[in-house]
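Colleague: Right, I'll just put the structure down here and ask away after.
The values are calculated or read from the model by the stated rules, or taken from the named source; none is laboratory data. Because the structure is predicted, anything quoted here is derived from the model rather than measured. Every residue, glycine among them, receives a Cβ derived from its backbone with ideal geometry; neighbour counts consider all protein chains shown. Quick note on the areas: whole protein, heavy atoms, side chains included, nothing else; ligands and nucleic acids left out. Shrake-Rupley method; radii C 1.70, N 1.55, O 1.52, S 1.80 Å.
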Amino acid sequence: MTPITSLEQALHAARALVLADLVAGEVAEADVVSMVEESVVQRRWWVEQWPEGSGYVAGLVAQDVQDALLESYGRWPLCPVCGAGDPHALEVEPELGPDPQWVCHKAGVRVASLGALGSAGGTDGGSASS
């Protein structure tokens, strides 16, 4: 049996974290899961070119999926902190760095680690049409 490389571990972890957040938001439909898979394929090439970036791939996959969902589904994940005003999506921080977090820039708070939206409390994680 061939050992799993650190590249594969990073890609599998990224996939699992993003899927966990999609499941928490009840948006893990087949077409959305395909968006995750497409991002993982694209990011595989990226990490092969820059192996030192493997720690950043989870946040990048989350941003890729967030961008793809905006085009076809709407904003995701919606901020569970701000109850009033227009619904807005959380953002991944850092944009390119380790330990990605979902952050509400409007309230200036960290909402959850990537992969932990289901435990963020009070979030439906859903989306709104753009």
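Colleague: Net charge around Ser39, counting only other residues with Cβ within less than 10 Å of its Cβ (Lys, Arg = +1; Asp, Glu = -1)?
Modeller: Details: positive: Arg15, Arg43, Arg44; negative: Glu37, Glu38, Asp64, Asp67.
Net charge in that neighbourhood comes out at -1.
Colleague: Further question on the same structure: Amide H to amide H, which residues 5 or more places from Val111 or on other chains are under 5 Å from it, using H placed in the peptide plane?
Modeller: Trp102, Val103, Cys104
Colleague: While we're here: Note down the relative contact order for the chain as a percent, whole number, built from C-alpha pairs under 8 angstrom at least six residues apart.
Modeller: Relative CO of the chain lands at 29 percent.
Colleague: Same structure again: Tell me, what % of the accessible area of the chain is carbon and sulfur with a 1.4 angstrom probe? Write out the running numbers ahead of the final one.
Modeller: Values: 3710 of 7000 Å².
After summing per-atom areas, the C and S share lands at 53 percent.
Colleague: Taking only the alpha-carbon atoms of the range 1-66, what semi-axes of the equivalent ellipsoid follow from 5 times the gyration tensor eigenvalues under a square root, in whole Å, largest first? Intermediate values should be presented prior to the final figure.
Modeller: Numbers: eigenvalues 89, 31, 20 Å².
Semi-axes, largest first: 21, 12, 10 Å.
Colleague: In the range 3-81, which GluC sites (Glu not before Pro) are in a loop and have at most 13 other Cβ atoms within 10 Å, using DSSP for the loop call? If you can, show how the numbers build up before the last one.
Modeller: On the way: sites: Glu8, Glu26, Glu29, Glu37, Glu38, Glu48, Glu52, Glu71; in loops: Glu26, Glu29.
Passing both the DSSP loop test and the Cβ count: Glu26, Glu29.
Colleague: Out of every Cα-Cα pair in the chain, what percent are more than 27 Å apart?
Modeller: Everything past 27 Å amounts to 16 percent.
Colleague: Mind listing the phi-derived Karplus ³J(HN,Hα) values for the range 105-113, rounded to whole Hz, using 6.51, -1.76 and 1.60 with θ = phi - 60°, and x for any glycine or proline?
Modeller: 6, 5, 8, x, 10, 7, 9, 6, 6
Colleague: With every protein chain kept in place and ligands, DNA and RNA left out, what is the accessible area per residue of the range 38-84? Probe 1.4 Å, answer in Å².
Modeller: In whole numbers, the range 38-84 has 52 Å² accessible per residue.
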